[in-house]
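Each remark here refers to the structure printed beneath this line.
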Amino acid sequence: MTATPTAHPHAARRHIAIIPCRWGASRFPGKPLAQLGDKPLLWHVHQRCMEAKRLDGVLVATDDARIEAACHQLGIECMRTRVHLTGTDRVAECAERVPADAYINVQGDEPFIAPAAIDAVSDALDHLESGALAVNAYTELHDAGALLDHNVVKVVLKTDGNALMYSRQPIPYPRGDRPTYLRQLGLYGFTGAALRQFDQLPPGPLERAEGVEMLRFIEHGHDVRMLPVTDEGVAVDTPKDLVRAFRLLGAQRDRRATGPAACP
């Protein structure tokens with residue numbers, strides 16, 4: 001393990017964020033180290049986690065030496081893991097080695113994820129009802145292009161607020177009333193026990209078909225508590241998304257430069 005630790009690696013932590021990063025994404029190889037402004041993508045995600053108020057640590061989890069080296073250069077705590085099918089499988093390995101009460105999985109392609117959303121997931125984990133094994137953030141989806149984009153995962157809810165189904169297709173189909181569409185965010189929260197259970201469950205046919213890891217819990221009869229949050233960012237799934245993210249980053253910097261703090 002190469003790390004610039006925020007705490008002793010064996011010290012008990014309350015809630016920590018783990019950012020799973022892999023090199024070989026089929027749609028965008030090397031994505032975690034793609035430059036967004038003057039820093040790699042994973043740095044921006046790490047910064048958003050550092051701005052959250054409820055976390056006791058943040059680390060990147062990767063099986064790739066290039067990502068590990070970049071984290072070392074940037075002063076980001078990093079843990080080398082085995083090769084895994086999903087980011088949550090990678091987080092589960094880290095949970096075996098880093099003690100904490102709960103773990104927040106922040107996907108490495110969410111450079112604008114709101115720190116308040118991370119804190120909201122952390123808080124929801126403290127009040128998770130019996131039967132639910134995870135918390136997953138979501139937001140309303142208003143953009144027609146995103147609705148049809150298979151890189152954007154949609155979710156539908158049960159009446160109790162837990163997830164009913166995830167899909168890369170636009171669900172539900174508007175046969176009757178026009179539905180409200182919801183976008184799953186790459187922001188999950190788990191206890192250590194839930195991650196151990198996730199690690200022991202085999203991926204089911206829906207997870208294999210859709211490529212959405214939270215379906216593993218649902219297919220095996222477990223609840224995933226969905227949490228509405230405010231998010232206006234851009235998830236980076238493709239090089240085209242990176243261009244959009246660059247524009248958004250520039251717009252944010254322009255607003256800060258012309259905001260009240262910049263006035264004489």
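The values are calculated or read from the model by the stated rules, or taken from the named source; none is laboratory data. It should be emphasised that the depicted structure is a prediction, and the values quoted were computed from it without experimental measurement. As a convention, Cβ positions derive from the backbone with ideal geometry for all residues, glycine included, and neighbour counts pool all protein chains shown. The protein model used for the area step is the full one, side chains on, heavy atoms only, and it has no ligands, DNA or RNA in it. Shrake-Rupley method; radii C 1.70, N 1.55, O 1.52, S 1.80 Å.
Odds and ends about this structure:
- Share of carbon and sulfur in the accessible heavy-atom surface of the chain [1.4 Å probe, %]: 53 percent
- Computed from the C-beta positions of residue 65 and residue 116, the FRET efficiency with R₀ = 45 Å rounds to 0.85.
- DSSP bridge analysis restricted to the chain gives an antiparallel fraction near 50%, rounded to the nearest 5.
- When every Cα-Cα distance of the stretch 83-126 is counted in 5 angstrom steps from zero, the calculated P(r) takes the values 5, 19, 23, 25, 21, 6, 0 percent.
- Per-residue SASA remark: residue 158, around 80 Å² accessible (1.4 Å probe; ligands, DNA and RNA not included).
- Alpha carbon centroid spacing (whole Å) that separates the stretch 72-95 from the stretch 180-195: 17 Å
- The charge dipole of the stretch 21-97, taken about its Cα centre with unit charges on the Cβ of Lys, Arg, Asp and Glu (plus for the first two, minus for the last two), comes to roughly 200 debye.
- Using the Cβ-Cβ distance between residue 38 and residue 201 with R0 = 30 Å, the FRET efficiency computed as 1/(1 + (r/R0)^6) comes to roughly 0.15.
- Rg over Rh [alpha-carbon atoms, Kirkwood Rh] for the chain: 0.95
- Local electrostatic count, residue 255, Cβ distance below 15 Å [Lys/Arg +1, Asp/Glu -1]: +1
- Residues whose amide H lies under 5 Å from that of residue 182, counting only those 5 or more places away or on a different chain, are 141, 155; hydrogens are built 1.01 Å from N in the peptide plane.
- Residues residue 255 and residue 126, FRET efficiency given R0 of 41 Å [Cβ-Cβ distance, rounded to 0.05]: 0.80
- Each label point was placed 7 Å from the Cα along the Cα-to-Cβ direction; for residue 151 and residue 74 their separation is 1.8 nm.
- Computed 3J(HN,Hα) for the stretch 202-207, one whole-Hz value per residue from the Karplus formula 6.51 cos²θ - 1.76 cosθ + 1.60 where θ = phi - 60°, is x, x, x, x, 5, 4, glycine and proline marked x.
- In the context of the full set of protein chains, the stretch 205-259 has a per residue accessible area of 56 Å² (1.4 Å probe).
- Computed from label points 7 Å out along Cα-Cβ, the spacing between residue 50 and residue 248 is 2.1 nm.
- Within the chain, helices built from complete DSSP H runs that reach 15 Å or longer along their own axis (Cα positions) and carry a mean Kyte-Doolittle hydropathy of -1.0 or higher are 41-51, 87-97, 115-125, 239-258.
- Column: log10 I(q)/I(0), Debye, Cα scatterers of the stretch 209-252, q = 0.16, 0.20 Å⁻¹: -0.68, -0.80
- Legend: residues 226, 165, sorted from most to least accessible area (1.4 Å probe; ligands, DNA and RNA excluded), read 165, 226.
- Here the dipole of the stretch 103-214 is about 420 debye; that uses its Cα centre as origin and unit charges on the Cβ of Lys and Arg (positive) and Asp and Glu (negative).
- Those lysines that a straight Cα-Cα span of less than 25 Å connects to residue 154, excepting residues fewer than 8 apart in one chain: 31, 240
- Annotation: extensible slack from residue 85 through residue 14 equals 22.9 nm (criterion: 0.36 nm per residue apart, minus Cα-Cα distance).
- Built amide H within the under 5 Å cut-off of residue 105, gap 5+: 18, 188, 189, 190
- Accessible surface of residue 93, taken over heavy atoms with a 1.4 Å probe and every protein chain present, rounds to 10 Å².
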